Amino acid sequence: MKITDAEFEHLFKEHQPKLKSFIYRLVTNTEDVEDLSQEIFIRAYKNIHSFQEKSSFKTWLFAIASNLIKDHFKAQKRWTRNAQDNCSQSIKNEPELQQEVMEVYFKDDFEIKNHIDYCFTCVMKYLPLERHIAIMMADIYDFKVNEIAEVLNKTMGSVKHMLFTSRKTMKQVFDEDCTLIHKTGACWKCSELSNTGNSKAETQRKITALELVKAKEQANATKLYQMRTALIKGIDPLQSSNFQLHDFLLNQTDRANGKTYPKVEKECKDL
C-alpha cells in the first residue's frame, strides 16, 4: 500500500522526538542532530517506495538513521574509558571553562537523575558503534532482537551476542566506577556537581532518595543495570532541565579527546 505525503509526514513527526534523542545519544552534538535529522527525513521521503510494511515504519526509519550515523562516524575514534577524566582535567586547566560550567549550572536546578542519563550516554560511547546502537535500541528504546537485527543487517544470534557483551561491559564500568552504588567507585561527578549548589547533607539526601541507590545492597549488577535503564527511558536528554550543562560537558569531552568544533566560541557565548 502506497503511503501518501501527508501520511509520511504524520508518521515521521510521530517518531521524530525519539529519533532525535536516539541520534543525540550517539553523536552528542546538537548541530549534528539537526543535520542528520534533516538528512534522514530526505532519505526516507525519497525511498518511501522501498518501505514494504514487513517491518514497522519506526524500525525502517531507525535503520536509515543507523546507516547514516555509521557513515558519520567513519573517521572518528570511539571514546576511551578515561574520556570523562580528560574532560574534567581540561576544565580544571582553564579558568574560563570553569566559569562557563558554573554559569550553565546555575541556570537550572541540578537533578542527579539527569546526570545518571548523561553518564550512561558517556559510558555507551566506550562501546564499538554497532554495539552502542544495539544496546541503546534494546535497553532504552525497547526494540526487539529481530528488529535490531533488521536495522543492523545482522543475524539474531549476532545481536544477542552483542547485547550480552555490551551489557557485561556497561555493568562492569558502573560496578567499578559509580560511587552511587559502591563506596570504592572512582567517579564522584554526581556528588561534585550536586554539592556546587547544595550542602553536602542535602546532596546526600537527594542521592539516598534514588530507588537505584536504595536497592544497591540487595540487588545484583543486572538488577541495578535494569533499574538504571528504566530511569533513563523516562528522560529525553534534549528536553531535560539540565540539557545545557550536559551538552556543554559532552562537547567539552569531545574536544578534550581530539574532536574540534569550528563554532566553539559562539556556542560558549550562547550558553
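The values are calculated or read from the model by the stated rules, or taken from the named source; none is laboratory data. Source: prediction; values computed, not measured. Ideal geometry is used to build each Cβ from the backbone, glycine not excepted, and the neighbour counts take in all protein chains shown. All accessible areas refer to the heavy atoms of the entire protein, side chains included, with ligands and DNA or RNA removed. Shrake-Rupley method; radii C 1.70, N 1.55, O 1.52, S 1.80 Å.
Structure notes:
- Note on segment 127-150: residues that are in a helix (DSSP H, G or I) and of a type outside the set (A, V, I, L, M, F, W, C) amount to 7.
- Exclusive hit being touching a Cys at 6+ places or on another chain (Cβ under 8 Å) and either closer than 28 Å to Lys233 by Cβ or open to solvent by 60 Å² or more (accessible area, probe 1.4 Å) (or both), set Trp60, Trp79: Trp79
- Here the condition is being closer than 30 Å to Trp79 by Cβ, open to solvent by less than 30 Å² (accessible area, probe 1.4 Å) and free of Cβ contacts under 8 Å to residues at least 24 places away in the same chain; of Ser37, Ser66, Ser21, it holds for Ser37 alone.
- Odd one out for Val145, checked against (1) of a type in the set (Val, Ile, Thr); (2) over 19 Å from the mean Cα position of the chain (by Cα); (3) more than 21 Å from Thr30 (Cβ to Cβ); (4) open to solvent by 50 Å² or more (accessible area, probe 1.4 Å): (4)
- Only one entry of Met156, Met170 meets the criterion of being open to solvent by 20 Å² or more (accessible area, probe 1.4 Å) and under 25 Å from Ile69 (Cβ atoms), and that entry is Met156.
- Which numbered condition Ala149 fails, given (1) under 24 Å from Thr222 (Cα atoms); (2) in contact (Cβ under 8 Å) with a residue 24 or more places away in the chain; (3) touching a helix residue (DSSP H, G or I) at 6+ places or on another chain (Cβ under 6 Å); (4) of a type in the set (A, V, I, L, M, F, W, C): (2)
- For segment 44-66, the tally of residues that are over 19 Å from Asn146 (Cα atoms) and touching a Leu at 6+ places or on another chain (Cβ under 7 Å) stands at 1.
- Unmet criterion (only one of (1) open to solvent by 10 Å² or more (accessible area, probe 1.4 Å); (2) over 21 Å from His246 (Cα atoms); (3) in contact (Cβ under 8 Å) with a residue 60 or more places away in the chain) for Tyr105: (2)
- Within segment 1-11, being surrounded by fewer than 18 Cβ atoms within 10 Å (Cβ to Cβ) and either among the charged types (D, E, K, R) or part of a helix (DSSP H, G or I) (or both) holds for Lys2, Asp5, Ala6, Glu7, Phe8, Glu9, His10.
- Set side by side, the residues Val213, Val264 differ, and just one is open to solvent by less than 70 Å² (accessible area, probe 1.4 Å), at pLDDT below 90 and in contact with a Lys or Arg (Cβ under 8 Å, 6 or more places away or on another chain), which is Val264.
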